[in-house]
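I have placed the structure first, in the form of structure tokens, so that the comments after it can refer back to it.
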Amino acid sequence: MLYRKMEYLETMELRQKNRTALFFAIGIAAIVVIMVTMVWPFWNLIPQYVTEKVKVVSIDQNGCYADTSDNYLVKLTGCTNAKVGDYIMGTYDVKIKQRQGIYLP
């Protein structure tokens, strides 16, 4: 009988340790979910491309810089045939405007 009580107590202690570990793991998971969605929203890393008519401002060997309709400077590739001042159809990531807004005063 004493053996059964000892076995029962050991089982209860083991269950309590498992509950504590589970509670700790759930707490860490909740903190990670909050950090990912609120503090550092990962969906900003997924590009959202838009194509519009832009004005070429500068040209280099890798492409060109163009001014969008709302006065954002964007880097375009594959526009080496354009000249400064030309209007071309350019495709760029529209979220670059949000990212620049964070760092600009």
- prompt: Which FRET efficiency value, to the nearest 0.05, is calculated for THR37 and THR91 with the Förster distance at 25 angstrom and r the Cβ-Cβ distance?
  reply: 0.30
message: Checking the cross-link filter: which lysines have an alpha carbon closer than 16 Å to that of LYS95, excluding same-chain neighbours under 8 positions apart?
response: LYS75
- prompt: ³J(HN,Hα) across segment 19-31 via Karplus (A = 6.51, B = -1.76, C = 1.60, θ = phi - 60°), whole Hz, x for Gly/Pro?
  reply: 5, 4, 5, 5, 4, 5, 5, 5, x, 5, 4, 5, 5
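Throughout, read-outs are computed from the coordinates displayed, never taken from laboratory work. In this text the structure is predicted, and so the values were computed from the model without any measurement. Note that each Cβ is placed from the backbone with ideal geometry, even for glycine, and that neighbours are counted across all protein chains shown.
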